[in-house]
Amino acid sequence: MSAASSPQAAASFAAAPQPSATPAAYPGAYPGAQAPPPGMVPVTYQAYPGGPQQVYYVPAQGMQPHGGVGLLQSIQAQIRHIASTDQLEGFSLSQTFSETFKHHDPRAEEEYAMVGSALTTPPIEMVDTSWPKPWMFFRMLMLLGVAALVLWGVFYFTGQKELNLLPALVFMGAFAMPLATLVFIFEMNTPRNVSVIQLGKLFLVGGVVGLCMAILEYQVQAIANFPGPIEESSKLLAVILVMYGMRGAGYKFELNGILFGCAAGAGFACFETCGYALFNSGAGFVSVLQTETIQAVAKLAQGQITQTQAVAAVNQATTDAVASMVSLLELRGVLAPFGHPVWTAIAAGAFWRVKQDRPTSLGMLTDGRFLMAFLIPVLMHTLWDITVTFPNLFNPTTDSQQTTDNWVLYGIMAFTAVISWYVLFTMIQQGLNQVRDVKKAQLQATLNHVEATLGLGQKRFAV
């Protein structure tokens, strides 16, 4: 890595990694090496003009990597190239989650959340730029998860007759995982310059605006089968609209954009899940209840069952509807951290890498650095909803074929989840590097000011 950057350089991000022209020695990039390893070429990465350069090696074009590890590294390098990010360094899942299950004083939670205002945002010189160790997200997950279990327990204990508990059960089930994911990304925002109020605004307004925009776009029949482009563009535009005119708030970091996108994506996921839980065809509460109730009424009208049996069938329909709704909430809850919150975080982070603290302009949406990275959530979302985009791709005719297709779909979801979080972690690392270099530049500027004020610079050279 090279020397520190200037304050002007620290204010903007730049281009994607570019292959080095010559295989010269790169001190620190490959210890003791005077040339690239066999079959590899050096690739340099510079987060922004004047910033530190980093070098990593990828297989030479046209050469086949040897073994599974080489193939994996090649795939990772291609993904980083598209996302304009660098290789993960110093990242460890065990270290990242090392504080998750430790005891923390309740007052620490309050202090942890009281950030983002003019009085509570720490100076950049005091910001820790190492990999964060989040823990509060797990408290949020446990809080909402236990609340959902209590509601379900009471509902079951009363014989599933207290239907007025269902809205609260839907709310807790739909909000638990997306909110926990949002808190996780909030803890990753090391500048600590975004308040909970701002997050709440993005979560509620951004989620609603994104959902409404997506619904309007779905009215265009020509693109109705493409949820990836529709929903990802809607959520990103919702973030841009909500944050429009916030230039003076100091939200210049890529980590800020990642957090903003996660907030809007989490809101979108919560409201969408609420709709699915109630009205999803064949699985939502109202859908199942209506279907089985209509069947019971039809059988009663045809004399196939008695009135008593019809009443029993309607009661059973309510039980089936609740069970189907809870199963849907559980499935979407488990999958929530791998969908909308992470996809919109990637999209907004890529946009903020271009925008920084400048006024929003249309040209930013056509910037190549943004468009390349924006393709990732669009493609991942398209793969996730492949049965919507290609409805005839999976048409099982037997139970065994249905099982096989389900495992294929689960495999696709797992693939998109791994890729999405890998890209997001590389973007978080890039954001940490940006904060680190802004911090260095600020410290250097302060030192230069002190030296100039005291005349230490001239005395030092005189000595």
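The values are calculated or read from the model by the stated rules, or taken from the named source; none is laboratory data. Quantities reported herein were computed from a predicted structural model and do not represent experimental measurements. Using ideal geometry, Cβ is built from the backbone for each residue, glycine included, and neighbour counts are taken over all protein chains shown.
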Which condition number does Thr344 fail, the rest of (1) under 30 Å from Ser281 (Cα atoms); (2) surrounded by 21 or more Cβ atoms within 10 Å (Cβ to Cβ); (3) modelled with pLDDT under 95 being met? (3)
Hits in region 414-456 - residues which are surrounded by 14 or more Cβ atoms within 10 Å (Cβ to Cβ) and of a type in the set (A, V, I, L, M, F, W, C): Ala417, Ile419, Trp421, Val423, Leu424, Phe425, Met427, Ile428, Leu432, Val435, Val438, Ala441
Quick one: would you say Leu375 is of a type in the set (A, V, I, L, M), exposed (fewer than 15 other Cβ atoms within 10 Å of the Cβ) and in contact (Cβ under 8 Å) with a residue 12 or more places away in the chain? no
Would a scan of region 422-432 turn up a residue that is without any contact (Cβ under 8 Å) to a residue 12 or more places away in the chain and out of contact with any Ser or Thr (no Cβ under 8 Å at 6 or more places or on another chain)? no
Considering residues that are β-branched (Val, Ile, Thr) and within 14 Å of Met413 (Cβ to Cβ), the number found within region 382-401 is 4
Would you mind telling me which numbered condition in (1) in contact with a helix residue (DSSP H, G or I) (Cβ under 7 Å, 6 or more places away or on another chain); (2) surrounded by fewer than 20 Cβ atoms within 10 Å (Cβ to Cβ); (3) over 19 Å from Ala283 (Cβ atoms); (4) modelled with pLDDT of 90 or more Gly411 fails? (1)
I'd like the full set of residues that are under 16 Å from Leu379 (Cβ atoms), assigned to a loop (DSSP other than H, G, I, E, B) and free of Cβ contacts under 8 Å to residues at least 40 places away in the same chain, limited to region 76-94. none
Just to be sure before I move on: is Lys235 surrounded by 22 or more Cβ atoms within 10 Å (Cβ to Cβ), basic (Lys, Arg) and either assigned by TED's automatic domain parsing to the domain that holds Val354 or assigned to a helix (DSSP H, G or I) (or both) in the structure I sent? yes
Read through the list (1) farther than 30 Å from Tyr422 by Cα; (2) buried (at least 24 other Cβ atoms within 10 Å of the Cβ), then give the number of the only condition that Arg353 fails. (1)
Within 30 Å of Thr318 (Cβ to Cβ), modelled with pLDDT under 95, among the small types (Gly, Ala, Ser) and part of a helix (DSSP H, G or I): is that true of Ala277 in this structure? yes
